[in-house]
1. Can you tell me how much longer the chain between ASN90 and TYR214 gets when fully stretched, taken as 0.36 nm per residue apart minus their C-alpha distance, in nm with one decimal?
2. Just the C-alpha atoms of region 196-337: what Rg/Rh do they give, with Rh taken as the Kirkwood radius?
3. Quick one: what are the phi-derived ³J(HN,Hα) couplings along region 277-292, Karplus 6.51/-1.76/1.60 with θ = phi - 60°, whole Hz, x for glycine and proline?
4. Quick one: pull the percent of accessible area on region 42-121 belonging to carbon and sulfur, 1.4 Å probe, ligands and nucleic acids left out.
5. Assign one of three labels to region 257-332, namely rounded, prolate or oblate, based on the Cα gyration tensor with a ≥ b ≥ c the square roots of its eigenvalues; rounded applies when a/c is under 1.5, prolate when it is not and a/b is larger than b/c, and oblate otherwise.
6. Cα gyration tensor of region 255-300, axes a ≥ b ≥ c as square roots of the eigenvalues: rounded (a/c below 1.5), prolate (a/b > b/c) or oblate?
7. Across region 21-153, how many lysine pairs, 8 or more positions apart or on different chains, have C-alpha atoms separated by under 22 Å? Please give the number.
8. Any idea how far apart SER280 and ILE206 come out in nm if each label point goes 7 Å out from Cα toward Cβ?
Amino acid sequence: MVASNLSRIFAEEECKQGTAPDSFFSSKNKDYPSADFVLCRDINGKPTAIYGEDIWDFNPYRLSGKKISQFRFDNFLVGKSPIERRSLVNEAKYLLFLIQYFAEGGHTGNIAVSTLNGYYQVMASAIEYCISLQENRFMGTISLGELFSNKRLLNKFLSTKVGTSIKKRTRAIGNHLSYIGQGRVGFSAIANLEIEVDDSEQTPVIPTMIYLSYINHLTDELKHFEGKLDALPDLLENFKDTFYGRSYEWQKSNRVGGKAKWRPDMQEALKIYKLEDVFSGELAVNSSTSLSSVLKAIQYRMRLILHLYTGMRDQEVMRLPYDCIEQTTISEEGNDPDGKVTISKRVVKLIS
């Protein structure tokens, strides 16, 4: 008997007590989980992916700021050949389940939720491809097992796809199923499928001069903002008032009352908080709407700076919590015998 747990598979987060999926006990022979088998639970322990249901949601096990779409197997049950469609959906669910629980992924032996989502996309395309073969009277609808165990059919399926990613994922699925073994999978999957990779999809290297130009420009902008936005939170607090920052004409037409009740317009508000120099030029603010746009532009610049100086990827930056910066001294100040500073104290800001 072999016991496997999904929390061992997903690389994105160690499942906490009460949120972990069900453990699966099985021999090496083909063995389906029960219909009420839980594949994913949210932080409150509520199941979000149950094997017997046709909608799976693995977002509780995903740390990325961007959510993945649900696995909507129900979408593939609509159309001609309902019996064949149900059979293919059941087969796809079982193969994905096997990959979740028994596959080895990458050098760490883990499979991320986003990777599993990519395999689901392949299964979705494969189901529609198998159904489409009904139009060929010499073929008829084939199973996913027949597709993933026949190199000719698999290459024919991939010839209908333009992108390289689905081809790589298809090859990865074959490798996973081959590793899991014919006894448990139910067929001998094609492993190490040869595919043509389009090098044009690779991201080109950024020329050094352009890269340095970005660094210099963004560093200058950072210096422009540094120490000048301390009053910004106090300014933004005022916008709980619908009339604050609006033009006097707008306030008058919306019946704010007499001049004694007028709130400062945007230019006056910026002067009160001494922010008029910051919000000028291409970052000029004339209304609450433009203030929102300018703040987004500033945040985007700061995000680019984080990418440049830390090497963090998109979602690593997006997942940074508040209050994540601290200062640590990496070398003390050096002095000569006369007390003159020869080496300045070096302090680096660490982003947690």
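The values are calculated or read from the model by the stated rules, or taken from the named source; none is laboratory data. Just so it is clear, the model here is predicted, and its values are computed rather than measured. Cβ placement follows ideal geometry from the backbone for every residue including glycine, while neighbour counts extend to all protein chains displayed. What goes into the accessible areas is simple: the full protein's heavy atoms, side chains included, and nothing from ligands, DNA or RNA. Shrake-Rupley method; radii C 1.70, N 1.55, O 1.52, S 1.80 Å.
1. Additional length available on full extension: 39.5 nm.
2. We get a ratio of 1.13 for region 196-337.
3. Karplus values, whole Hz, x for Gly and Pro: 6, 5, 8, 9, x, 6, 10, 5, 10, 10, 7, 5, 5, 5, 4, 4.
4. 53
5. Prolate, since a/c reaches 1.5 and a/b exceeds b/c.
6. Here region 255-300 falls in the prolate category.
7. Total qualifying Lys-Lys pairs in region 21-153 comes to 8.
8. 3.0
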